[in-house]
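The values are calculated or read from the model by the stated rules, or taken from the named source; none is laboratory data. On a predicted model such as this, the values are computed, not experimentally measured, just so you know. A quick note on method: Cβ atoms are made from the backbone with ideal geometry, for glycine too, and the neighbour counts reach across all protein chains shown. Note: accessible area is taken over every heavy atom of the protein model, side chains too, but ligands, DNA and RNA are not part of it. Shrake-Rupley method; radii C 1.70, N 1.55, O 1.52, S 1.80 Å.
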Amino acid sequence: MIDAQPMSFGSCRFCGQTLRRSFVDLGMSPLCESYVPPERLDAMEPFYPLNVLICDYCLLVQLREYVRAEEIYREYAYFSSYSDSWLNHTRRYVEMAIGRFGLGPDKLVVEVASNDGYLLQYFVAQGIPVLGIEPAANVARVAQQKGIPTLVTFFGRQRAAELAAGGTRADLLWETTCWPMCPI
């Protein structure tokens, strides 16, 4: 009898432990929010494994990275403000958060992956300072046009340390979970 070696999927993005468990395998998929231009309709479109993994140690659910984030977020097709139901949900969330956390003009709300300002616009309307962090320049530009201060950058440990060193400290931090194939 041969002893089976445990499967390894690399390391957890949060705690560094070896990933050994597949949470769900959804097969192969093209990248999210990427569309084939008309001149490439007859060309092959790359597909990537959508094997969702879970860390046995910290329970972070994650995907392996097959494509660099910069390739996905140069020009992003999804604008959160296109969904009226999502806007209604975020407006209600903002109303709840203001009361629950005592947010006012002396507080700061920071949103990671802030998209087109769909959430932060409601804090701005209440006179609460905000900062959006959005890597897709085309989407961030829309937020900036709405008067929402937005950094066009990825958020990670280094960016967090830079912001903190510069005195930026959030009283409320919001991050929307990425859709499949978006990097964690």
(request) Return the pairs, sorted by first residue and then second, in which the second residue is among the aromatic types (Phe, Trp, Tyr) and surrounded by 10 or more Cβ atoms within 10 Å (Cβ to Cβ), the first residue lies in the stretch 33-61 and is within 23 Å of Ala136 (Cα to Cα), the beta carbons are less than 6 Å apart, and the residues are 6+ apart or on different chains. (result) Glu33/Tyr76; Glu33/Tyr78; Tyr48/Tyr66
(request) Considering only the stretch 67-111, state which residues are part of a loop (DSSP other than H, G, I, E, B), touching a Phe, Trp or Tyr at 6+ places or on another chain (Cβ under 9 Å) and surrounded by fewer than 13 Cβ atoms within 10 Å (Cβ to Cβ). (result) Ala77
(request) Name the residue, out of Tyr76, Tyr93, that is among the hydroxyl-bearing types (Ser, Thr, Tyr) and in contact (Cβ under 8 Å) with a residue 40 or more places away in the chain. (result) Tyr76
(request) Collect the residues in the stretch 112-150 that are more than 13 Å from Val94 (Cα to Cα), β-branched (Val, Ile, Thr) and not in a helix (DSSP H, G or I), keeping them in residue-number order. (result) Val112, Ile133, Ile148, Thr150
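For Glu111, indicate whether it is within 29 Å of Arg13 (Cα to Cα) and either acidic (Asp, Glu) or modelled with pLDDT under 95 (or both).
Yes.
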(request) Scan Gly27, Gly16 and give me the residue that is within 22 Å of Phe154 (Cβ to Cβ), free of Cβ contacts under 8 Å to residues at least 24 places away in the same chain and open to solvent by less than 70 Å² (accessible area, probe 1.4 Å). (result) Gly16
